[in-house]
Amino acid sequence: MAKGNVLMVCLGNICRSPLAHGIFEQLSKEFSITVDSAGTASYHIGSSPDPRSIKTAMKHGIDISNQRARQFTKSDFDAFDHIFVMDRQNLRDVLKLSQLEVERNKVKLLLKNEEVEDPYYGGDEGFEIVFNKIEKASKDILDLWKQ
């Protein structure tokens, strides 16, 4: 996998993708890349990340409090080389917006064959589980880039 700009995508862009954005940005400091996040739905445009996401990230030394939710757009296919989605529904939603094979090839599940479950309706422990899954997947991706 070649290095490139990264977009993390979930449903509302307030729980999983802001965490992924912050984690990947923190871990990839040695690379000259842009990291961003977006949601497939418009529910939270302009909102800060969920307070539980902010708290979980801060616990690990990552500040995501200045991020603001935005919706995924077709122009993201041009702006990003890698588009990592958190679950299969978001995968379908992003792929529906693609028009070219080159765009479809940019879109992948972050965890390859698994989903990053949405912690929104659960407690704090779900956010920690999500953090750990995203951190591991991000390290795996960056390990490939270091080769």
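Throughout, read-outs are computed from the coordinates displayed, never taken from laboratory work. Computed from a predicted structure; not experimentally measured. Neighbour counts run over all protein chains shown; Cβ positions are idealised from the backbone, glycine included.
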Filter the trypsin sites (Lys or Arg not before Pro) in the stretch 80-147 to those in DSSP coil with at most 12 other Cβ atoms within 10 Å of their Cβ, and list the result. K112
Give me the one-decimal nm value for the distance between modelled label points at R92 and A79, 7 Å along each residue's Cα-to-Cβ direction. 2.6
Count charges around M86 for me, please; just the other residues with Cβ under 13 Å from its Cβ, Lys/Arg as +1, Asp/Glu as -1. 0
Report the net charge of residues surrounding D76, where surrounding means a beta-carbon distance below 10 angstrom and charges are Lys +1, Arg +1, Asp -1, Glu -1. 0
Taking loop as defined by DSSP and a crowding limit of 10 other beta carbons within 10 Å, which trypsin sites (Lys or Arg not before Pro) in the stretch 26-57 fit? K29
Can you give the FRET efficiency to the nearest 0.05 for E117 and F31, using r as the Cβ-Cβ distance and R₀ = 30 Å? 0.60
Over the chain, what is the relative contact order in whole percent, taking alpha-carbon pairs under 8 Å and six or more residues apart? 29
Choose one of Q26, P119, S98: the residue whose Cα lies farthest towards the positive end of the charge dipole of the stretch 6-146 (beta-carbon charges +1 Lys, Arg; -1 Asp, Glu; about the Cα centre). S98
Relative to the present Cα-Cα distance, how much length would full extension add between E128 and Q71 at 0.36 nm per residue of separation? 18.1 nm
Let me have the 222 nm mean residue ellipticity of the chain computed from DSSP H runs of 4+ only, each contributing -39500 (n - 2.57), with the sum over all residues rounded to the nearest 500. -12500 deg cm²/dmol
Treat every Asp and Glu Cβ in the chain as -1 and every Lys and Arg Cβ as +1, leave all other atoms uncharged, and give the resulting dipole magnitude about the Cα centre to the nearest 20 debye. 160
With r as the distance between the Cβ atoms of D143 and Y43 and R0 = 41 Å, compute the FRET efficiency 1/(1 + (r/R0)^6) and round to 0.05. 0.75
In terms of the Cα gyration tensor, with a ≥ b ≥ c the square roots of its eigenvalues, is the stretch 95-140 rounded because a/c is under 1.5, prolate because a/b exceeds b/c, or oblate? oblate
